[in-house]
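The values are calculated or read from the model by the stated rules, or taken from the named source; none is laboratory data. None of the values given here were measured: they were computed from a predicted structure. No Cβ is skipped: glycine too gets one built from the backbone with ideal geometry, and neighbour counts run over all protein chains shown. Each accessible area value is taken on the protein alone, full model and side chains, heavy atoms only, with ligands, DNA and RNA left out. Shrake-Rupley method; radii C 1.70, N 1.55, O 1.52, S 1.80 Å.
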Amino acid sequence: MRKKFIRSSQVGSLLDEPVESARKILLACVPATMSFWVDHNSTIHAVRPEQVPAGAESLIVGTYSIGGTSLAHIEEDLLAERRERATAWIA
């Protein structure tokens, strides 16, 4: 039986522990390379790169694949996104 690709799903939250979110992101990459974007409610969404919703391009945290990305790299990207949002909120 062939597994279906993820079309658009919620993977977690930017407010969750970064290492746990990084694991979920990497698991979402098992079927294919995926892009991950964070909406204004801090929800992390997984979509195939060609299916990123219009207007969400500036919200992309990264595009990852199972063989090319480490958990540490994803965790760093999530922490950078948190810092950027905190700075924007303060300003």
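Some values worked out for this structure:
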| read-out | value |
| --- | --- |
| The range 20-32, subset more than 24 Å from Ala86 (Cα to Cα) and surrounded by fewer than 17 Cβ atoms within 10 Å (Cβ to Cβ), residue modelled with the highest pLDDT | Leu27 |
| The range 33-57, residues that are part of a loop (DSSP other than H, G, I, E, B) and surrounded by fewer than 13 Cβ atoms within 10 Å (Cβ to Cβ) | His40, Asn41, Pro53, Ala54, Gly55 |
| Test: residue in the range 10-18 that is part of a loop (DSSP other than H, G, I, E, B), under 10 Å from the mean Cα position of the chain (by Cα) and of a type in the set (A, V, I, L, M, F, W, C) | yes |
| Residues that are touching a Phe, Trp or Tyr at 6+ places or on another chain (Cβ under 7 Å) and either without any contact (Cβ under 8 Å) to a residue 24 or more places away in the chain or open to solvent by 40 Å² or more (accessible area, probe 1.4 Å) (or both), drawn from the range 59-90 | Leu59, Ile60 |
| Filter result (among the polar types (S, T, N, Q) and within 24 Å of Ala88 (Cα to Cα)) within the range 30-72 | Ser35, Asn41, Ser42, Thr43, Ser58, Thr63 |
| For Ser21: the one exception among (1) outside any helix (DSSP H, G or I); (2) in contact (Cβ under 8 Å) with a residue 12 or more places away in the chain; (3) small (Gly, Ala, Ser) | (1) |
